[in-house]
1. Taking 0.36 nm per residue of separation and subtracting the Cα-Cα distance, what length does fully extending A:Val211 through A:Thr43 add?
2. What does the highest-first list of A:227-239, B:303-315 look like by mean Cβ count within 10 Å?
3. Kindly sort A:His96, A:His110 by accessible area of their heavy atoms, largest first, with the probe set to 1.4 Å.
4. Give, as a single signed number, the net charge of other residues whose beta carbon lies under 10 Å from the beta carbon of A:Gly283, with Lys and Arg counted +1 and Asp and Glu -1.
5. Rounded to the nearest 10 Å², what accessible area does B:Arg74 show when all protein chains are kept and the probe is 1.4 Å?
6. Take the Cα pairs of chain A, get the Kirkwood Rh, then feed it into Stokes-Einstein at 25 °C and 0.890 mPa s and tell me D in µm²/s.
7. Inside 10 Å of the C-beta atoms of B:140-151, what's the mean count of C-beta atoms belonging to other chains?
8. Order the peptides A:332-338, A:204-210, A:152-158 from the highest to the lowest mean number of other Cβ atoms within 10 Å of their residues.
2 protein chains.
Amino acid sequence: MDELTERQKLILTLVVRDYIEIAQPVGSNRLIERYKLEMSSATIRNEMAVLTEAGYLRQPHTSAGRVPTEEGYRYFVTHFVYQTDLPDATRHTITHQFYQARQDVEQWMHLAASILAHQSRAASLITAPHADLARYKHLELISTQGRQVLMVLVLVGGEVSQQILTLAEPVSQEQLGNVANRLNQVCQGRTTDEMASLSLGAEAVEKDILVLVMQDMSRGEQRLSGEIYLDGLSNVLSEPEFIESDDARRAIRLFEERSLLHNLLARTMVNSHVGGVQVLIGGEGEWEELRQCSVVLARYGIPGTATGALGVFGPMRMSYARTIPTVRFMADLLSGLVSETMVGDET
Amino acid sequence: MDELTERQKLILTLVVRDYIEIAQPVGSNRLIERYKLEMSSATIRNEMAVLTEAGYLRQPHTSAGRVPTEEGYRYFVTHFVYQTDLPDATRHTITHQFYQARQDVEQWMHLAASILAHQSRAASLITAPHADLARYKHLELISTQGRQVLMVLVLVGGEVSQQILTLAEPVSQEQLGNVANRLNQVCQGRTTDEMASLSLGAEAVEKDILVLVMQDMSRGEQRLSGEIYLDGLSNVLSEPEFIESDDARRAIRLFEERSLLHNLLARTMVNSHVGGVQVLIGGEGEWEELRQCSVVLARYGIPGTATGALGVFGPMRMSYARTIPTVRFMADLLSGLVSETMVGDET
DNA sequence: ATTTAGCACTCTATGAGTGAGAGTGCTAAA
DNA sequence: TTTAGCACTCTCACTCATAGAGTGCTAAAT
């Protein structure tokens, strides 16, 4: 496809904007009336014919207006809204909300999901920041009952995982404390690989625990991240193209089927640098489940320390002009929070 | 309302069963054909008229079959399915699945939500077991960067909460360790009330931390429970009465609005003893958001130590015969797990 | 005293037919 | 190159008629 004329670009953007707003095919007359254009409807029709030929627009049927194709949305996104920034006022409001909730990573996640959903009027998803390579920081063993022990493992970066272990035989709290202390001294800051080559005292319990710790660490590395925080699903469901349609259910299922979501987020983690916003329109052929939907995704955090992904999910008709800047801003904001609280670790 | 005759009961159950299955008004002829009844359609019609008069059935319009009213469902539930048990095979399958995932409370929750959703073919919700009165068990302080400290607080019962603190001035890891050790000795097994009257060493940091710990504990007591695990929403959305209807969105919103869910679960926590299954049909007048829906709820756990709530949410037309026994069984199962791993705590 | 057959009646769902309206593409003039 | 004019197409909303399902009532049968 070669370049479009200025007028064609104008008409394309107007069609996309209008369709995003009203969810109905856009006709030539409608366009003139709404935007007070200085040309006749016939001219618009000619240009629309060109844009249709070029694959940016589509006619549901002969006597209907035009609807953007996936390529149309794509053109719109890359040429017109990608560089847009969020209004200062909005930025400040959001920043302020985060300032009030700086205690707790889990709270950030909920807040971020909520803000994303509200700003974009669509569904949002976000994973907690997660280290690519787990490094041991601190272990705590707490006996609960008989052979059962609660293990609390803290990783460099602040992730905490807890697990209930069942040992081969009962061990006293004192002994557990000793084991934890020794491991804490030896393993400080190490990765699983480094820990595998350590030589330890001959005590059986100690070795068992170490193995369990390493298992836990590598399990954590493999999964992209545990919880995925969601919000705003009902926004998506009330969009007209989802009412009565089967796609709604497919979309919801996508959100429940963690593995699909993980794939989706993993794609972002691989393809993109931190701060870059990816826009996936209508599944792009790859994702059958996303046929009518678009996803705006970004990675956040500090590569090498802890990163996560966040994004917005909605109908292909979503307001990219609002969503893309919001996603970018939230990614930056969270990157900042991660670096504030999680970096630096020379005890 | 006085007692129904046996035949009336029979017809009522058949109407409810059939309507639950096919989601369409049930007529007299249909009933005879499907269930090979030894009477004429006229007899059925007479009985139906009685049941309608008594408020158990309803006619959408003059020439339609009958549909159960809320009272009809209620009668059906209390008289016919309430005492039903889950088939042995199913019980074993479920128990087995839990046996494989006994490491981790979070995994239980996911598993329980998934099983509930699958068995009932509706949406499920469950909260983690939670102590009514928080008792201190163990504190760990880990310095991360500058004045920031990761606090990991373990409560009797196994709950773990983590939080990032910002201290007034930097404190070394060694010093933090000492503070934690002292508090661990003094506070062992105590409630916030008991901790409030403790006299401590004069060290400022120690007092500050203690206050933060107590804040965290009482915050935990207040909220019913942090996370609510959900699953199976798409099951509900594909039910015919939710297609195209506004109620679907209202239901989804209910699930997103945590406070509503909390209220719902709180109701169960207050009204019911552990193991008792509560059935809320069509909102019962109280819950506007649940107009077309029913909720089956139960409390599980060990009162005084840790309890939680679990339940199933679906259309009023849900299969109570499957759902109620499942909810009861899951509540018992989880109670067992709670007592196995969380009770007993004389370190 | 019940139960049932028969029948008139009511209401919905379905499909055909129709006209209005929106929007197009094409042609020819500006 | 743009625009006015116009014939054409397709959808949508509306009406109307009909088939069918299901009822309630009455009178006969058990």
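1. On the way: separation 168, 0.36 × 168 = 60.48 nm, distance 7.33 nm.
Roughly 53.1 nm would be gained on extension.
2. Values: A:227-239: 20.4, B:303-315: 23.8.
So the peptides A:227-239, B:303-315, ranked by packing, come out B:303-315, A:227-239.
3. Details: A:His96 105, A:His110 65 Å².
Order by accessible area, largest first: A:His96, A:His110.
4. Numbers: positive: A:Arg291; negative: A:Glu70, A:Glu284, A:Glu286, A:Glu288, A:Glu289.
Summing Lys/Arg as +1 and Asp/Glu as -1 gives -4.
5. 80 Å²
6. The diffusion coefficient I find is 107 µm²/s.
7. On the way: counts 8, 1, 7, 3, 11, 10, 2, 0, 5, 0, 8, 1.
Mean inter-chain Cβ contacts per residue within 10 Å come to 5.
8. On the way: A:332-338: 19.0, A:204-210: 16.7, A:152-158: 22.3.
Most protected by this proxy first, the peptides run A:152-158, A:332-338, A:204-210.
The values are calculated or read from the model by the stated rules, or taken from the named source; none is laboratory data. Treat the numbers as computed from the prediction; the structure is a model and nothing was measured. Reconstructed Cβ throughout: ideal geometry from the backbone, glycine too, with neighbour counts over all protein chains shown. Note: areas computed on protein heavy atoms with side chains; ligands, DNA, RNA excluded. Shrake-Rupley method; radii C 1.70, N 1.55, O 1.52, S 1.80 Å.
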